[in-house]
1. When you scan the stretch 82-168 for helices (runs of 4 or more DSSP H) that lie fully inside it, which ones turn up with 3 or more residues that are within 18 Å of the chain's Cα centre (by Cα) and at pLDDT 75 or above?
2. Report yes if some residue within the stretch 197-219 is under 17 Å from residue 113 (Cβ atoms), in contact with a helix residue (DSSP H, G or I) (Cβ under 8 Å, 6 or more places away or on another chain) and either modelled with pLDDT under 80 or in a loop (DSSP other than H, G, I, E, B) (or both); otherwise report no.
3. If I filter the stretch 293-303 for residues that are within 21 Å of residue 167 (Cα to Cα) and modelled with pLDDT under 85, do I get at least one hit?
4. Please tell me if residue 308 is free of Cβ contacts under 8 Å to residues at least 40 places away in the same chain and within 19 Å of the chain's Cα centre (by Cα).
5. Would it be correct to say that residue 291 is surrounded by 22 or more Cβ atoms within 10 Å (Cβ to Cβ) and farther than 18 Å from residue 152 by Cβ?
């Protein structure tokens, strides 16, 4: 191998190492853990097969696999966009594009979410990269909430799930947009910069000048995408396992007894959306099947789910930190519930 080739490989390896978030304390050995898990699964295969003989265990396995497989493509989409932002968008340009005033930047960022087809799993790493690139945190968070709920794919899926009821689609759009704007503006007023600080990875800053510009950008793109995927992928698996456990543990009879049209039904389906962690592009079909609940309660299920669920909480904790998730998730849940109840009470009587 030529000296030039060896140098370039060493430079790319340096970029990979620099892509670990400074101050994170440690990196997650994702590939090593996956390899160890694969070896363990092969060695313990007879034990695992016997453990999943029962119907409850089989249901759990089905839910876990379906949630992971359903969300994984969108997580990949998100980290690819995140890597592209890190590699090809000049530092600070995002902050210059958005209006300076949060009162304008937050609604603009929320409407921009309509342009990004994907679910909530893809929006979290993108929001993290926007913050790292200098975009105002309130606007990035508003985008994170709006993108999985306002994009055309989700709205078309909602129209298909509720045929002949365009008011449900309009109500979902308005309630989700209201949620994103209120949370974004609230964060601009009460949030602290330390809660969303996500320093730009060293990949951009330490990319060697000796490498050709195209190779440097591709190396930064690769390192950033792999780092973000390794960071968020583990939390996605953890969230999917939690959601599958809750789906098996919550009795169906309990849901039937809580059905109705009052505020209790709205809260029940809001909590159910948090626990089930259904992808935003499929949650309308789940909501349509919950016929024992009012349409407003089912609207709450569709508004809360893309904004906050156990899978998202895990992803947000991995992207922004646990202190952020501990504050952001409860606030978003309350705003989403209130928005759904308000819009549903007006449009879905």
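The values are calculated or read from the model by the stated rules, or taken from the named source; none is laboratory data. No experiment lies behind these values; they were computed from the predicted model shown. Neighbour counts are summed over all protein chains in view; Cβ atoms, including those assigned to glycine, are modelled from backbone coordinates with ideal geometry.
1. Working: elements: 93-97, 102-112, 120-132, 137-150, 152-161.
The helices (runs of 4 or more DSSP H) meeting that bar are 102-112, 120-132, 137-150, 152-161.
2. no
3. First, the residues of the stretch 293-303 that are within 21 Å of residue 167 (Cα to Cα): 293-303.
Now restrict to residues that are modelled with pLDDT under 85: 293.
Looking through the stretch 293-303, at least one residue is within 21 Å of residue 167 (Cα to Cα) and modelled with pLDDT under 85.
4. Details: free of Cβ contacts under 8 Å to residues at least 40 places away in the same chain: yes; within 19 Å of the chain's Cα centre (by Cα): yes.
Yes.
5. No: the conditions fail for residue 291.
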